[in-house]
Amino acid sequence: MTDRYESPLASRYASEYMLSLFSQDTRYKTWRRLWTALAKAERALGLPITQEQIDEMTGHIEDIDYECVRQREKEVRHDVMAHIHAFGKAAPKAAGIIHLGATSCFVTDNADLIIYRDALRYLHAQLLQLMKSLADFAEKYKALPVLGYTHYQPAQLVTLGKRASMWLQDIWFGARELSHAAECIRFLGCRGATGTEASFVELFEGDTEKIDRLNTMLANEFDFDSCFDISGQTYPRIIDSFVMNALSAVAQACCRMATDIRLMQHDRQLSEPFADTQVGSSAMAYKRNPIYCERICSLGRYLMTDSVNAHLTASSQWLERTLDDSANRRISIPEGFLCADAIVRLAKSIAGGLKVNEKIIARAVQEYMPFIATENLLMEAVKKGGDRQKMHEIIRRCSMEAIESMNDGKDCDLIERLARTPDFGMNEEELRQALLPERYTGRCAEQVTAFLNKLAPCLEGVELTQTNPEV
């Protein structure tokens, strides 16, 4: 519909899987699965529920009459009660036992936990693919010298593979945060209005062992090992903070990578994928803007900000339950997941199609090699009998003069200036022998190899599926 607002995350950026996972269908069918599982467990524990009722509920999990729900919610102003009504109409023989002993959070919160867990697992798998692409890239370019930067000023050489490994390490940390958040998620179970399970004490006539078995059966039905030890009516909202922090960490890592690529693309050393028919600018037809990296940074800024919603909600819960979390969570958490999904998809596409301009990289390295080599040149001059402090002053003075000359548009002539300084004691041939870039990358290649070996078990068996950026 073009006459109604639609989230760009849904219409432009997120994957079909994530859109389906957070859809109304998935949510409300999960509610019906929960109600059916509750009835099955209650019957198994001796409550007067028939197999016929359970079979009828099972047969109507998929066919939700949304118009019936809409009409009923308009009357009762309660979404869960509206869905109970619609489910009862679809399964009339079971209408009287649907939601028996439960409160609304039995379906709302447990469904959220199921969806969040599945979304975290999906994102983690996607991140592993991103890590695999970056690991391959880092291995390929682990020894390629590139100009290093501190304060965005030229510094000692690194290698392109080492720089990519820094991105990779950040993303690995993000993946670990996703895993941690998923591990913190438990099943809420069926805890009643204030978390005391009082309704089930009544239903099971004080047999609390049956209540524990009920919750274990429900948790296992939905692939959870356990329930939260303690809860009010809702699951602990601090879990949402863990989840959103993990999504934010992923955004931070991907934004850092995207920002570095944007900086390197400015110097034409590196570029993100660019399609043959892609238009870079409506006015400047020659342009190849890093739009996908820019999009990651843009979406990442939103996600990092969005994560604060969970912190504020977790910190402001009242006693056993308040409802001021509901509207916020309906928006902020699904949008957070969709945003993280979009970021990871973009990052996968970029990492799998990075173009390296080795000649431009080499030219930038050569331009600054005389400055980078000055420490080694200082050592060589001292070995030849020079005074360390005097040699340092010669290098400093000649460097400043060379920079001024470069500021006038001339090529770097530091080596020639040093060669023309008799007190430095080295001729031009000797000086140029010290300018091989490979001698100035330190342990970069070794560090990359060691890091990739450490990551290898995490990436074993990961198969790449390329994602193309979409408008």
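The values are calculated or read from the model by the stated rules, or taken from the named source; none is laboratory data. The structure displayed is predicted, hence computed values, not measured ones. Every residue, glycine among them, receives a Cβ derived from its backbone with ideal geometry; neighbour counts consider all protein chains shown.
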Segment 183-194 residues that are farther than 17 Å from Asn220 by Cβ, paired with ones that are basic (Lys, Arg) and at pLDDT 90 or above (beta carbon under 9 Å, 6 or more apart):
none
Starting from segment 30-44, take each residue that is more than 16 Å from Phe200 (Cα to Cα) and free of Cβ contacts under 8 Å to residues at least 24 places away in the same chain and list its partners that are crowded, with 24+ Cβ neighbours inside 10 Å and not basic (Lys, Arg), counting only C-beta distances under 6 angstrom and pairs at least six apart or across chains.
none
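A quick yes/no check of all residues on (1) surrounded by 23 or more Cβ atoms within 10 Å (Cβ to Cβ); (2) part of a helix (DSSP H, G or I):
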{"residue": "Asp229", "(1), (2)": "no, no"}
{"residue": "Gly232", "(1), (2)": "no, no"}
{"residue": "Pro236", "(1), (2)": "no, no"}
{"residue": "Asp240", "(1), (2)": "yes, yes"}
{"residue": "Val243", "(1), (2)": "yes, yes"}
{"residue": "Ala249", "(1), (2)": "yes, yes"}
{"residue": "Gln252", "(1), (2)": "no, yes"}
{"residue": "Asp260", "(1), (2)": "no, yes"}
{"residue": "Met264", "(1), (2)": "yes, yes"}
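Is one or more of the residues making up segment 335-346 aromatic (Phe, Trp, Tyr), surrounded by 14 or more Cβ atoms within 10 Å (Cβ to Cβ) and either more than 23 Å from Ala155 (Cα to Cα) or touching a Lys or Arg at 6+ places or on another chain (Cβ under 8 Å) (or both)?
Yes, segment 335-346 contains at least one residue that is aromatic (Phe, Trp, Tyr), surrounded by 14 or more Cβ atoms within 10 Å (Cβ to Cβ) and either more than 23 Å from Ala155 (Cα to Cα) or touching a Lys or Arg at 6+ places or on another chain (Cβ under 8 Å) (or both).
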For segment 202-223, indicate whether the set of residues that are of a type in the set (Asp, Glu) and surrounded by 16 or more Cβ atoms within 10 Å (Cβ to Cβ) is non-empty.
yes
Residue check for Ser104: at pLDDT below 95 and within 22 Å of Phe224 (Cα to Cα)
yes
Going through segment 138-157 one residue at a time, which ones are under 17 Å from Glu375 (Cα atoms) and aliphatic (A, V, I, L, M)?
Leu147, Ala155, Leu157
Given (1) surrounded by fewer than 11 Cβ atoms within 10 Å (Cβ to Cβ); (2) touching a residue at least 40 places away in the same chain (Cβ under 8 Å); (3) not in a loop (DSSP other than H, G, I, E, B), Glu429 misses just (2)
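Quick grid of which residues meet (1) buried (at least 17 other Cβ atoms within 10 Å of the Cβ); (2) assigned to a helix (DSSP H, G or I); (3) of a type outside the set (Gly, Ala, Ser):
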residue	(1), (2), (3)
Arg330	no, yes, yes
Met369	yes, yes, yes
Val382	no, yes, yes
Gln389	no, yes, yes
Lys410	no, no, yes
Asp423	no, yes, yes
